[in-house]
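Take a look at the structure below.
The values are calculated or read from the model by the stated rules, or taken from the named source; none is laboratory data. What you are looking at is a predicted structure, and each value in this text was computed from that prediction instead of being measured. Heads up, the Cβs are rebuilt from the backbone with ideal geometry, glycines too, and the neighbour counts pull from every protein chain shown.
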Ligand code: GDG
């Protein structure tokens, strides 16, 4: 065994993502997802590669920084200002992100930015080619890296490569608003395994490849396209359920939680936590809360809505616009309803450590999670996990969050209908204990089954599986689809209503 090896005989894992989570030896990792990926790296040994978050002013710098932590090594690289603008602010977050979330009106396209996107994917591939060994498994994350496998193959890397898409995948007609959709999907199909959060996302991808990319279906999971076999899978991402609850309990008496409790008195708390992003439906949520206050005057002074919204991508105009709009809306609604001793909306444009967030979730009678579109939405799962099972709060959840496929015991709402969301808020606040417990138990059960560990282990197992194994599954369509080790509940809306 050398310094790299984790599981003896197992291939190393090479994780590639836009950003690499910082690690401090002996300290827990900041986010649940980062911790999940790092667990897999620690088990197998390997490396994690990505952008350092630094912009190298002047000429592009492709120099690598290396940080070793036991069997794992982190490699980071800087981006030049031009690459950051074209790749990150431009094609990834100005073109792709809105389209993946069905917001075609907010998407803009510039060929030079797409060239920058390809350039950064190629830069990553060149650096990785010098680090990857014969049987390493390469696991890329998210929409920043659609062209990575293509770039790696051009560098002569023949390893198994998979990409997990954290966002939704849109219907073909929506994707086709991106002028370079054909080139993009051809490059994406250089991965061996492509993972999605929900069956609806996988189906949308297959639809595109089969109808517009000349692909052929081989099995329910497997496609032949662009001369390659591509396995697709549904891997709903989860959370460490017990860790979330343990943190909520351990931090219950942190000053922030005590101060919040004291300020509320015996009033109810409705809580939301989101990156400040237009896909999260904050504007519509503020509108729904206003509707609730209009329709339920008896709740005024008795229910407070806490919105935590740390700024995100704030150098992109669409994000500056939503921030301005929310500031105006929060001010207007508070001006309309506030009293000397009560403010209906507490709108906080800052982030908090997880050790503060978890006890706050546990304080809230209602978790209001209403994105217009979301790959999964981990806040919904964290909210449920943080609850006291003896006296749990109620989750109000958008039908357009991937999490709604699993958490159908939440109060499911259409975030575009303020009246429906307002009614669900009242239902949640008035819900009897027995029903709250029943719903909470049902959601916890699903979340324990589809845990973060399971998400990671299933993806890595499928990535490691030799190609012949997967082709042994029954053909599709025709024979019944193979029963999968877990099943995502298909909500009626996945058939009846398009997701975008
Ligand atoms: C993408 C996809 C998919 C939020 N504020 C603070 C904070 N957070 C943490 C939450 C949660 C995470 O950030 C947000 O995860 P989400 O899933 O809700 O949303 P995205 O950031 O958009 O994530 C999404 C996800 O990837 C995973 O696949 O579910 O659909 O868009 O964990 O707790 N954490 C801290 N302070 C904050 O103020 N520490």
How many residues, within region 295-316, are touching a residue at least 60 places away in the same chain (Cβ under 8 Å), more than 16 Å from the ligand (Cβ to nearest atom) and surrounded by fewer than 21 Cβ atoms within 10 Å (Cβ to Cβ)?
-> 4
Would you please name the residue that is nearest to residue 265 (Cα to Cα), looking only at residues in region 333-351 that are surrounded by 13 or more Cβ atoms within 10 Å (Cβ to Cβ) and away from the ligand (no atom under 16 Å from the Cβ)?
-> 342
Flag if residue 238 is within 16 Å of the ligand (Cβ to nearest atom), in a strand (DSSP E or B) and in contact with a helix residue (DSSP H, G or I) (Cβ under 6 Å, 6 or more places away or on another chain) = no
Residues 421, 441: which one is more than 19 Å from residue 198 (Cβ to Cβ) and in contact with a strand residue (DSSP E or B) (Cβ under 8 Å, 6 or more places away or on another chain)?
-> 421
Inside region 443-453, can you point out the residues that are more than 15 Å from residue 382 (Cβ to Cβ) and surrounded by 18 or more Cβ atoms within 10 Å (Cβ to Cβ)?
-> none
Among (1) in contact (Cβ under 8 Å) with a residue 60 or more places away in the chain; (2) away from the ligand (no atom under 11 Å from the Cβ), the one test that residue 374 misses | (2)
Go through 416, 400 for me and flag whichever is surrounded by fewer than 18 Cβ atoms within 10 Å (Cβ to Cβ) and farther than 14 Å from residue 366 by Cα.
-> 416
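Inside region 43-117, counting only strands (runs of 3 or more DSSP E) that do not spill past its ends, which hold 1 or more residues that are crowded, with 18+ Cβ neighbours inside 10 Å?
46-56, 72-80
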Look through region 10-33, keep the residues that are at pLDDT below 90 and within 20 Å of residue 136 (Cα to Cα), and return whichever of them is nearest to the ligand (Cβ to nearest atom).
-> 20
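Here is a yes/no grid of residues against (1) touching a helix residue (DSSP H, G or I) at 6+ places or on another chain (Cβ under 8 Å); (2) modelled with pLDDT of 95 or more:
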| residue | (1), (2) |
| --- | --- |
| 134 | no, no |
| 142 | no, yes |
| 150 | yes, yes |
| 170 | yes, yes |
Of the numbered conditions (1) under 30 Å from residue 249 (Cα atoms); (2) outside any loop (DSSP other than H, G, I, E, B), residue 320 fails exactly one; give the number of that condition.
-> (1)
If you take the residues in region 379-394 that are within 13 Å of the ligand (Cβ to nearest atom) and in contact with a helix residue (DSSP H, G or I) (Cβ under 7 Å, 6 or more places away or on another chain), which one is farthest from residue 235 (Cα to Cα)?
-> 386
Do any helices (runs of 4 or more DSSP H) entirely within region 123-198 hold 3 or more residues that are closer than 30 Å to residue 404 by Cβ, and if so, which?
-> 172-175, 181-188
Selection from region 255-283 of residues that are part of a helix (DSSP H, G or I), within 29 Å of residue 105 (Cα to Cα) and within 16 Å of the ligand (Cβ to nearest atom) | 278, 279, 280, 282
